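*Asks:* Please see the structure below; I have some questions.
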Amino acid sequence: MKLRDLLQLSSVLALFTLSHASSIPNQEYSEHLYLKPLANDHLHADFNFTATTPVADYDAQHFRYFPRSLAQILQYTHTTELHLRFALGRWDEEQWGSRPRNGRREGGTGVELWAWIEGQSEEADERWSDLVNSLSGLFCASLNFVDSTKTIRPVLSFEPEGTHPSGSGGSQLLHGMLPHEVVCTENLTPFLKMLPCKGKAGISSLLDGHKLFDASWQSMAVDVRPVCPSTNSRKDECVLEIQQTVSMALSIPRSMRDRHNPIPRPPPIEEIECDDSKVWNGHDTCYPKPSTGDLGWSLAKVFGRPIKGACPLGDADGAGDISLDVPLERTVEAQGSASSETEPSGLRKFSLQAATDFDVVLPRQDTVSSSSSTHPPLYASRQMTGYGQERGGMHATLRNPHPYPQKIVYLESLPWYLKPYMHTLEIQHGNIEKMFYTPALDRVRGTHLELVIEIPADSTVELNYDFEKAILRYTEYPPDANRGFDVAPAVIRVLPRNVSDPADGNNQDEYLRTTSLLLPLPTPDFSMPYNVIILTSTVIALGFGSIFNMLIRKFVLLEEVPASPLKTKVTMLKEKIAALLGKTSKKGSDTKPSEEPGPAAVIDPNAALNGSTDGSALTNGSAKLRNVKG
Amino acid sequence: MGLSARLLTLRRSPVLLKLPPYLSAACIVVGVVWLLLLPLNEYSRQTYVSENAILPGQVHTYFGGSEHNVFRAFRQEAYDQKDASEGHRNAVLGRIMRESGLKVAEQPYSYYAAGEEIAGTNVYGILQGPRADATEAMIIMAGWKNFEGLVNYSGVALVLTLARYFSRWSIWSKDIIVIISPESTYGPIAWVDAYHSTSPIVTATQNISALPIKSGALQAAVAIDYPVGPWGHRFDKIDIQYDGLNGALPNLDLLNTAVSVASGQMNIGCSLHGISGHKDSYNDRLRTIAAGLATQSLGHATGPHSAFMPYHIDAITLKTVGDGWHDEMSLGRVTESLIRSVNNLLEHLHQSFFFYILLNANRFVSIGNYLPAAMLIAGSFTISALALWVQSGRAPLPEKTPAQPTDEKASALPPMELVKAGPDAALVPKPALQSVDRHLFLPALTLLSIHLASFIPLYLLTHLPRSFLPPTLHALTALSLLLPPTLSHLLPANTRDLQTLQSLSLLLLSATLSTLATLNFSLAFLAGLLASPLAFVRPCRSLPAAVLSYAVLAALSPMSVTYGFAAWYWGRGMGLEGVLAEFARGWEAQGVWTMGVVWCVWWPAWVGGGVGVWGGVFGKRT
């Protein structure tokens, strides 16, 4: 009887658990590598690692694929959504087309960070400060320099990617940039350590500091966002998703150079292809033919090592871990893949096997049909005009190559020592629809400028304004003061054309960033404090001493020098001791009480002025007129 | 007590007013001798590299091997364009740059000066350093025609080969900009003006188009001048040119790095100002100083590098001279090593000197040692001005002149007065104790009008077409010679007014020259030296004395110096018209101040001196 009841109970429980299992989300992890050869012998490699954790597990501190270190920071600072970017180099839009992932997974040169933080303004500021300091420690980047002078609250430039719970007090968006931060291996290592396989297996095993930081363009991104099935789903249906992306554009010939012989020596003449059509082509004159066709490369040669098997964690949906975007005619040889697929467009998909090295080899091939690269939405560049240490101008050029007008949001976060004059803001061939401007306060906050600009079809908009440079206090200069100061890049958000239909593929907003700028400020002569101290000290030492002597010094006869009380006491003490010793030892004492004043007799100036001549100070020695000094 | 009393009585001493001309002469002599002392070892120093980051000559240069073949090909390509039109040539050069991976653009420009148009199109390319952050850039450039007008085939080819060679390296912390301008003077000026957007507006004298693509802040520029065709020519030394517009000089570190790399690492000798065979003797050093003084005082461009100095960008030109055994690969390696050193820089060059005079490639004189020379010469004018001022405030003692009717007999003494100071007493002539009011209005007005009138010769000599320039100069000379006598005849000025006028004029001259000495030492020194008779001229009573003084003044006037300069340049085929056109172009297109200093500072002072001379003959008596 009891056994039957138990079995019934257990089966009911099992059914109950199974029925609910589908609605409670699981911890998931997936990784994906996207490879695409670019024009000019470059290769675009995009590593994406996505881990999700249900919010319930997150709140209960139960982590499997989600990195605990980051999660604890986010919990402590009440961060709803986080986007952190490390970027280096430039994406060549003319040769390579539009930016990968519409520019949503890259940042400006250096470090860029924006986050939605719960709380009201001062609370949010404190939490933001905690967040940047903790992230600075976690990623070995000097993010702690993102203080109030570098933080802005953009209005239109960024939209939350996740579903923010509407019940909480409302999150504030804070944004900070550090353009001079050098991104290096020390930032890559913590990034890899946050992955479940920690860079030892799976596609992350390809990531090596030497190759990654030799790339022409690279960007590391960490994006944390809450994802809910619908806007008013319950909290336990939501998951927190972390996406770690490493995107790079490598130069294939440079990456394939042997690590032990990295110097690009001029190749032997036999290896250079000469242009035979030139009349004067000969054994000593060789016009180098521009390279046509595709270079041969392989993953092992480009990254220095093959992929060390699959990362066994996470579910393998059979969706393929590696995609190679090449035309159909391109020869591709894959070694060590579990399965491979070829799509009609030429896209190859491979999936990895555990414990088997994977490599993709593309041999050299003559011209294949070049894949037409898409036009980027916009070409943007920004420069400083003028020269000198007092003032300058900012000049931004935005070119729209498409036959339809575009609307953009142009965001600039300027340091407080660059003082723009908004009345000189002028725009040519475009018009400013809206402007959000927060003026700067010295040493408190910088300028925040956001413009909504409409750019007509096939035209170039030029934006100009004048600014003045501030003179800093001499302690505010960095050690390399004559280099100048860095101005953060401008962030341009190209608004989607059809806001009505969010499902439309063309409808994502795209981001691009200009390069950072160097602002030369007037530097003082840093040796001046030293000069002033030396000069003043010399003047005081020589001048004060001489003048004091002239005023105070009085010449007296040696006999008139009164004895100092201390000397009298010391002499008496010595006599007592001598007497004591003389008593005990019973020796003939021939010690005379020493009464000669020392070579530097201390004289009280007041006493000297009052002319008190103590008779006890008279010595047996000759009365010499001596210089008595204080 | 005694000292101050003695000083006060010195005020009345007649010696005091006789002393200033000797003091002025002494100042001028000491100033010139100062300059002649500079070549000695005690007053100069060895050059040294101040910026630690530069590490000159520490890199191994790999330029060579198959790059030589590529260089010959590019040189042959350039040679094939020698008769082509500028557009076609720029297209070919741009194509070569594009194939090396640079981003290429062109910039047309035109200047209009002295009635003729100087136009051209620069072609330039930007090599974006793969790991650079686009905030800084360095420049290598070559003009299609070098400064002497020869076609710079090898220079252009070397710059293109270096660009291709540099594009394979990923060590660049700054972008590299490669510029090829049609000629070596106005092309770079137009380019760097457009880079900083300083002249975006089209005016009658210039039309500079904006640059389509730009990079970051410019740190340094190196230009190469190697005018040899495909036949090749091995050179002996590298001549380093470093003068900029208006006498600005690059940071000495850039020069020291170039010399250290060339002579130390590559064992190629370096010369300056084209002086070959420099034996490091006193004469050779003095020759180098003189050459430096000449180019700096003229302030005109001497190569592609000159355009960059006004923007505080350090630039030099490497020019090959002589017959030897160094070839283009050595020059390429020198440039590679120099660019690698500039690449090392973390900050803009600021450690070393910006004001210096070079004696040879390894010795220099810093500003503290040479500036007193110009200051003393300017000081001579100040002493004269002060002496004249004091004189103009004194009632003149009646002099014994036979032509002058006096109330008193010539032998009678003027009325005397007893002056007591302590136990001393003296008899002093009464007029010496009288103080008189100076009339400032007339002298000041005269001086102001002369200065305002000086804009007329400046305008005429810079804006007229070149064929009109020599007649204009002749007319100006004639008018300038007639102006002082006319003015002194027309002005109702007595001796004291003339002295005030001269004093104010000399004071203005000395203040301007002292200030100019800090900006352009050579111009201030030479202008002061040539204007030195102005400190000694005084109102002359007799006509022969006046004519003699005026002749001396006219011999050292701005006009005669211009004629002398043209005569010296006659041998180079320029003639008076060429020289005047060059001055006009310098003022209009290059922005050189020399004409302004000569006509607006020196010429008014000269006229003032002339008025002073003739005022003694024509002016009113007291």
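The values are calculated or read from the model by the stated rules, or taken from the named source; none is laboratory data. A quick note: this is a predicted structure, and the numbers were derived from the prediction, not measured. Counting neighbours? That spans all protein chains shown, and the Cβs are built from the backbone with ideal geometry, glycine included.
*Asks:* Those residues that are touching a residue at least 60 places away in the same chain (Cβ under 8 Å), outside any helix (DSSP H, G or I) and surrounded by 14 or more Cβ atoms within 10 Å (Cβ to Cβ), I need them from region A:554-585; list them, please.
*Replies:* Of all residues in region A:554-585, those touching a residue at least 60 places away in the same chain (Cβ under 8 Å) come to A:554-559, A:561.
Subset that is outside any helix (DSSP H, G or I): A:554-557, A:561.
Those that are touching a residue at least 60 places away in the same chain (Cβ under 8 Å), outside any helix (DSSP H, G or I) and surrounded by 14 or more Cβ atoms within 10 Å (Cβ to Cβ): A:V556, A:V561.
Residue-by-condition table, conditions (1) part of a strand (DSSP E or B); (2) touching a strand residue (DSSP E or B) at 6+ places or on another chain (Cβ under 6 Å); (3) within 11 Å of another protein chain (Cβ to nearest Cβ):
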residue	(1), (2), (3)
A:L174	yes, yes, no
A:N187	no, yes, no
A:L195	no, yes, no
A:K198	no, no, no
A:D214	no, no, yes
A:R225	yes, yes, no
A:S230	no, no, no
A:T245	yes, yes, no
A:R265	no, no, yes
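*Asks:* Also: Consider region A:117-141. How many of its residues are in a loop (DSSP other than H, G, I, E, B) and either basic (K, R) or surrounded by fewer than 15 Cβ atoms within 10 Å (Cβ to Cβ) (or both)? Quick ask: steps written out before the conclusion?
*Replies:* Initially, region A:117-141 is screened for residues in a loop (DSSP other than H, G, I, E, B), giving A:119-120, A:140-141.
Pick out the ones that are also either basic (K, R) or surrounded by fewer than 15 Cβ atoms within 10 Å (Cβ to Cβ) (or both) and you get A:120.
Counting residues in region A:117-141 that are in a loop (DSSP other than H, G, I, E, B) and either basic (K, R) or surrounded by fewer than 15 Cβ atoms within 10 Å (Cβ to Cβ) (or both) gives 1.
*Asks:* Of a type in the set (F, W, Y), buried (at least 24 other Cβ atoms within 10 Å of the Cβ) and touching a residue at least 60 places away in the same chain (Cβ under 8 Å) - does that describe any residue in region B:241-254? Quick ask: steps written out before the conclusion?
*Replies:* Start the filter on region B:241-254 by keeping residues that are of a type in the set (F, W, Y), which leaves B:242.
Retained after the next criterion (residues that are buried (at least 24 other Cβ atoms within 10 Å of the Cβ)): B:242.
Imposing the further condition that a residue be touching a residue at least 60 places away in the same chain (Cβ under 8 Å) reduces the set to B:242.
Yes, some residue in region B:241-254 is of a type in the set (F, W, Y), buried (at least 24 other Cβ atoms within 10 Å of the Cβ) and touching a residue at least 60 places away in the same chain (Cβ under 8 Å).
Yes/no per residue for (1) surrounded by 14 or more Cβ atoms within 10 Å (Cβ to Cβ); (2) modelled with pLDDT of 90 or more:
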position	(1), (2)
B:G2	no, no
B:A5	no, no
B:R11	no, no
B:Y22	no, yes
B:A25	yes, yes
B:N41	no, yes
B:Q46	no, yes
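*Asks:* In region A:286-301, is there at least one residue being facing chain B (nearest Cβ under 10 Å) and either at positive phi or part of a strand (DSSP E or B) (or both)? Show your work before the answer.
*Replies:* So in region A:286-301, the residues facing chain B (nearest Cβ under 10 Å) come out as A:286-291.
So of that shortlist, the ones also either at positive phi or part of a strand (DSSP E or B) (or both) come out as A:288.
Checked against the condition, which is being facing chain B (nearest Cβ under 10 Å) and either at positive phi or part of a strand (DSSP E or B) (or both), region A:286-301 yields at least one hit.
*Asks:* With the structure loaded, tell me whether B:I180 is over 26 Å from B:I54 (Cα atoms) and either surrounded by fewer than 24 Cβ atoms within 10 Å (Cβ to Cβ) or at the interface with chain A (Cβ under 9 Å from one of its Cβ atoms) (or both) or whether it fails that test. Explain how you work it out, then say what you get.
*Replies:* Working: over 26 Å from B:I54 (Cα atoms): yes; either surrounded by fewer than 24 Cβ atoms within 10 Å (Cβ to Cβ) or at the interface with chain A (Cβ under 9 Å from one of its Cβ atoms) (or both): no.
Considered against the rule, which asks whether it is over 26 Å from B:I54 (Cα atoms) and either surrounded by fewer than 24 Cβ atoms within 10 Å (Cβ to Cβ) or at the interface with chain A (Cβ under 9 Å from one of its Cβ atoms) (or both), B:I180 comes out as no.
*Asks:* Hey, does region A:351-369 have a residue that's under 30 Å from B:E136 (Cβ atoms) and outside the structural domain of A:G309 (by TED's automatic domain parsing)? Talk me through it step by step, then tell me what you get.
*Replies:* Of region A:351-369, the ones under 30 Å from B:E136 (Cβ atoms) are none.
Looking through region A:351-369, none of the residues is under 30 Å from B:E136 (Cβ atoms) and outside the structural domain of A:G309 (by TED's automatic domain parsing).
*Asks:* Then there's this: Report, ordered by the first and then the second residue, all pairs with beta carbons closer than 9 Å, sequence separation of six or more or different chains, a first member in region B:79-91 that is in contact (Cβ under 8 Å) with a residue 24 or more places away in the chain, and a second member that is surrounded by 12 or more Cβ atoms within 10 Å (Cβ to Cβ) and assigned to a helix (DSSP H, G or I).
*Replies:* Matching pairs, first to second residue: B:Y79/B:Y153; B:Y79/B:A157; B:K82/B:R89; B:K82/B:Y153; B:R89/B:A78.
*Asks:* Among the residues of region A:331-342, how many are in a loop (DSSP other than H, G, I, E, B) and modelled with pLDDT of 90 or more? Even if it seems obvious, please write down each step before you answer.
*Replies:* Filtering region A:331-342 for residues in a loop (DSSP other than H, G, I, E, B) gives A:331-332, A:336.
With modelled with pLDDT of 90 or more added as a condition, the list becomes A:332.
Number of matching residues: 1.
*Asks:* Ok, one more. Restricting attention to helices (runs of 4 or more DSSP H) lying wholly within region B:1-99, give those where 1 or more residues are within 14 Å of chain A (Cβ to nearest Cβ). If you could, list the steps in order and put the result at the bottom.
*Replies:* Working: elements: B:2-11, B:14-37, B:66-80, B:86-99.
Fully inside region B:1-99 and qualifying: B:66-80, B:86-99.
*Asks:* Just one of A:I252, A:I269, A:I203 is among the hydrophobic types (A, V, I, L, M, F, W, C), away from chain B (no Cβ under 14 Å) and in contact with a His (Cβ under 9 Å, 6 or more places away or on another chain); which is it?
*Replies:* Values: A:I252 fails: away from chain B (no Cβ under 14 Å); A:I269 fails: away from chain B (no Cβ under 14 Å).
None of the other options fit; the residue is A:I203.
*Asks:* If you don't mind, another one. Just to be sure before I move on: is B:T317 more than 14 Å from every other protein chain (Cβ to nearest Cβ) and outside any strand (DSSP E or B) in the structure I sent?
*Replies:* Numbers: more than 14 Å from every other protein chain (Cβ to nearest Cβ): yes; outside any strand (DSSP E or B): no.
Against the criterion (more than 14 Å from every other protein chain (Cβ to nearest Cβ) and outside any strand (DSSP E or B)), B:T317 does not qualify.
*Asks:* Taking A:W114 as meeting all but one of (1) in contact with a Phe, Trp or Tyr (Cβ under 7 Å, 6 or more places away or on another chain); (2) assigned to a loop (DSSP other than H, G, I, E, B), write down the number of the exception.
*Replies:* Answer for A:W114: the failing condition is (2).
*Asks:* Of all residues being of a type in the set (G, A, S), assigned to a helix (DSSP H, G or I) and buried (at least 22 other Cβ atoms within 10 Å of the Cβ) in region B:329-375, which is nearest to the chain's Cα centre (by Cα)? Just the residue, please. Spell out the reasoning first.
*Replies:* Just the residues of region B:329-375 that are of a type in the set (G, A, S), to begin with: B:330, B:332, B:337, B:341, B:352, B:361, B:366, B:368, B:373-374.
Subsequent filtering for residues that are assigned to a helix (DSSP H, G or I) retains B:330, B:332, B:337, B:341, B:368, B:373-374.
After this cut, where a residue has to be buried (at least 22 other Cβ atoms within 10 Å of the Cβ) as well, the list is B:330, B:332, B:337, B:341, B:373-374.
Working: B:S330: 33, B:G332: 31, B:S337: 31, B:S341: 29, B:A373: 16, B:A374: 13 Å.
This residue is B:A374.
*Asks:* Does region B:123-172 hold any residues that are at pLDDT below 95, more than 26 Å from A:D486 (Cα to Cα) and within 9 Å of chain A (Cβ to nearest Cβ), and which are they?
*Replies:* Within region B:123-172, B:R168 is the sole residue that qualifies.
*Asks:* Something else about it: Given (1) of a type in the set (A, V, I, L, M, F, W, C); (2) within 14 Å of another protein chain (Cβ to nearest Cβ); (3) more than 22 Å from the chain's Cα centre (by Cα), where does B:A248 come up short, assuming only one miss?
*Replies:* (3)
*Asks:* Here are some residues: A:Q389, A:Q406, A:Q365. Which one is more than 30 Å from A:M256 (Cβ to Cβ) and surrounded by fewer than 18 Cβ atoms within 10 Å (Cβ to Cβ)? Steps first, answer last, please.
*Replies:* Numbers: A:Q406 fails: surrounded by fewer than 18 Cβ atoms within 10 Å (Cβ to Cβ); A:Q365 fails: more than 30 Å from A:M256 (Cβ to Cβ).
From the options A:Q389, A:Q406, A:Q365, the qualifying one is A:Q389.
*Asks:* Check whether at least one residue in region B:195-209 is crowded, with 23+ Cβ neighbours inside 10 Å, within 30 Å of B:H68 (Cβ to Cβ), out of contact with any helix residue (DSSP H, G or I) (no Cβ under 6 Å at 6 or more places or on another chain) and within 13 Å of chain A (Cβ to nearest Cβ), and report yes or no.
*Replies:* no
*Asks:* Can I ask one more? If you go through region A:165-224, how many residues are closer than 25 Å to A:R483 by Cβ and aromatic (F, W, Y)?
*Replies:* Residues flagged as closer than 25 Å to A:R483 by Cβ and aromatic (F, W, Y) within region A:165-224 amount to 2.
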